[in-house]
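Values in this text are rule-based calculations from the coordinates and carry no lab data. Note that the structure is a prediction, hence the values are computed from the model and not measured. All Cβ positions, even for glycine, are placed from backbone atoms using ideal geometry, and neighbour counts span all protein chains on display.
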Amino acid sequence: MIKKNILGLLFLLSTLCLFNSCEDDPYYDDRYDLTSALCSGTWSETYTTNNGEDCYHVLSFYSDWTGSDYYEFYRGNILVRRTKEAFRWHWDDDNYYYPNSIYMDFPDGTYSYFEDIQIRGFQLRGILDEIDVILTME
């Protein structure tokens, strides 16, 4: 009888230890993983603008908190214009609704805001300046 009680108590204690080990690690920073994924490649998309131009857009993020924003606009097969701007970026820690959001500050004083960043496989999804975007890793 005592042997059954001791075995039951040991089983209960081992079960409690297992449940305790499922607790989240308080020192784990998933922002580090997201930063690493964001900086691991170049992200691009193609779309048609409101005035009928085809646009090729490339975003690049670097681990030194800089990046580049590149656009090519075409009418048919003719390149109409090309722009490339460097920016500095940082995580927005104050956004309650979309915690994975970044500011992209440009040298001319303007900025872009990229909210609700999600990286799944080779796709970067989010809301870039209030427009839903899906960029693909090149």
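Once the piece of chain linking Asn77 and Ile131 is laid out straight, how much longer is it, given 0.36 nm per residue of separation minus the C-alpha distance between them? Before the final figure, lay out the partial values.
Values: separation 54, 0.36 × 54 = 19.44 nm, distance 2.59 nm.
16.9 nm is the gain from fully extending Asn77 to Ile131.
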_If each residue of separation counts as 0.36 nm, what is the full-extension length gain between Trp91 and Leu34 once their alpha-carbon separation is subtracted?_
19.5 nm
*Inter-probe distance in nm under a simple model that places probes 7 Å from Cα toward Cβ, at Asp108 and Ser44*: 2.4
*Alpha carbon centre of segment 30-73 versus segment 117-131: separation in Å?*
10
